[in-house]
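What follows draws every value from the coordinates through simple rules; no lab data is involved. Remember, it's a predicted structure, so these values are computed and weren't measured experimentally. Because the Cβ atoms are built from the backbone with ideal geometry, glycine has one as well, and the counts that use them run over all protein chains shown.
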């Protein structure tokens, strides 16, 4: 059990303090020789601590005489792990949780650290019922500063809570924050070059995987028990591609001529290009990215899926490429963004994005869409998308572009100028999609 907690501690430290991605850390762990139950416990603890970081720190602050900023990060993480297990898990007895936490503190701290962890967790355990009744000692905050209450209780950055409250109101914001802390569905795009949705559902069923159809895309399935699916014959032979339903809709809402020339400017890991190739086998697609590593990933996935009508190019979307001028019927701009729509899938984004990052990103986004406008033919469509829901990165970008480029006009999607997808209303990643047409 000690080794399990050690591994969880290392992963959390890598994610919160060293810039690692939680899903990548867990993928590496899954490929090691680890018992399935132990792996699931590590997933639970690491995801829970990263997801609920703010709430767990709040509880520590209520019981610690030492200020949060002065507690060594490793000891703080050990406390967060212990508190998360006490309140949000049921598999391990409370006394065992405290003992394991104290043992970790002895290994990574000193006798004083161990005593501190032991005393604090025991005080919290004694107060457990009162803590839960008082909404983790947030009742007073709820009455005086509702945004602060939501931010701490659901562990979301305050700037994000303020943003959603202003645009959507209290009820919507609360539901969105709750949904952002729920596990995302495991959605796959069926490779319709090889089989139908029904055929793949049947093949997966025979191998023990339960599925259901997605609500919006006609080409996708939700896998209810995806453990080990990446090791399956069906994945290795390219019968499906892992992709959130919202990302699929970017391609599905775009109209393509039969032999359309398509440019996917910010392609990696390639899902939108693959989707277009499956929707339109006669399309000619150029899939671009700036990173050699990501280009290799696109190529690897393309070969696995058996797609033939995509050409992969290394290209910096922020720099004008004269060889692309006036060449394409469709340009896909899945712009680099803050990723605030991915909180439930990548909870570390909550803690490594700041409001000032958005300002920097909008300059990049504006640059890319301006370049894209030179690549699309008259009558052609630019599809602009982001995996975020901020006005600055979506409505403001599109409106500014249209103000400065009168030879483009908006093409509505589902009667909206910009389609906004929210986790709580659609059970998909948060996404924004807009289509703009070059008219002369």
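Beyond 27 Å, what share of the Cα-Cα pairs of region 143-281 remains, rounded to the nearest whole percent?
For region 143-281, the share of Cα pairs beyond 27 Å comes to 41 percent.
Considering the alpha-carbon set of region 252-438 alone, what are its Rg and its Dmax in angstrom?
15.8, 44
Once you have all Cα-Cα distances for region 138-181, histogram them in 5 Å bins from zero and send the whole-percent values.
Calculated P(r), rounded to whole percents: 5, 27, 36, 26, 6.
When the Cα centres of region 5-38 and region 180-205 are compared, how far apart do they sit, in Å?
A separation of 26 Å, based on Cα centres.
Please give the Cα centre distance for region 206-221 versus region 59-103, rounded to the nearest Å.
Spelled out, the Cα-based centre of one part sits 39 Å from the other.
Compute the acute angle (0 to 90°) between the alpha-carbon long axis of helix 158-168 and the principal axis of greatest extent of the alpha-carbon atoms of the chain; round to the nearest 10°.
The two axes meet at around 50 degrees.
What's the percent breakdown of Cα-Cα distances in region 293-379 across 5 Å bins, shortest bin first?
Once binned at 5 Å, the Cα pair distances of region 293-379 give 3, 11, 16, 16, 19, 18, 12, 5, 0.
In nm², what is the average projected area of the convex hull enclosing the Cα atoms of region 1-63?
Taking the Cα atoms of region 1-63, their convex hull projects to 4.6 nm² on average.
Please list the three semi-axes, largest first and in whole Å, of the ellipsoid equivalent to the chain, using sqrt of 5 times the eigenvalues of its alpha carbon gyration tensor.
One finds semi-axes of 42, 26, 19 Å for the chain.
Given the alpha-carbon gyration tensor of region 238-332, what are the semi-axes of its equivalent ellipsoid in whole angstrom, ordered largest first, with each equal to the square root of 5 times an eigenvalue?
19, 17, 12
Suppose only helical runs count, i.e. DSSP H with n ≥ 4. What mean residue ellipticity at 222 nm does that imply for the chain under -39500 (n - 2.57) per run, divided by all residues and rounded to the nearest 500 deg cm²/dmol?
-15500 deg cm²/dmol
Using just the Cα positions, wrap region 2-136 in a convex hull and report its mean projected area in square nanometres, one decimal place.
Mean projected area of the Cα convex hull: 7.8 nm².
Kindly identify region 382-423 as rounded, prolate or oblate by the Cα gyration tensor criterion: order the square roots of the eigenvalues as a ≥ b ≥ c, call it rounded if a/c is under 1.5, otherwise compare a/b with b/c, prolate if a/b is larger, else oblate.
Oblate, because a/c is 1.5 or more while a/b does not exceed b/c.
Please report the spacing between the Cα centers of region 127-158 and region 345-393 in Å, no decimals.
If you average the Cα positions of each part, the centres end up 33 Å apart.
Which residues does a label at residue 400 reach in region 343-367, if reach means a backbone N under 18 Å from a point 7 Å past the Cα toward the Cβ?
Only 354-367 fall inside the zone, counting backbone N under 18 Å.
Where q = 0.18, 0.27 Å⁻¹, what log10 of I(q)/I(0) comes from the Debye formula for region 186-242, counting one point per Cα?
Taken in order of the listed q values, log10 I(q)/I(0) reads -0.49, -1.21.
Given that compact globular proteins tend to follow 2.2 N^0.38 Å, what is the ratio of the alpha-carbon Rg of region 204-292 to that value?
Compactness ratio reported: 1.20.
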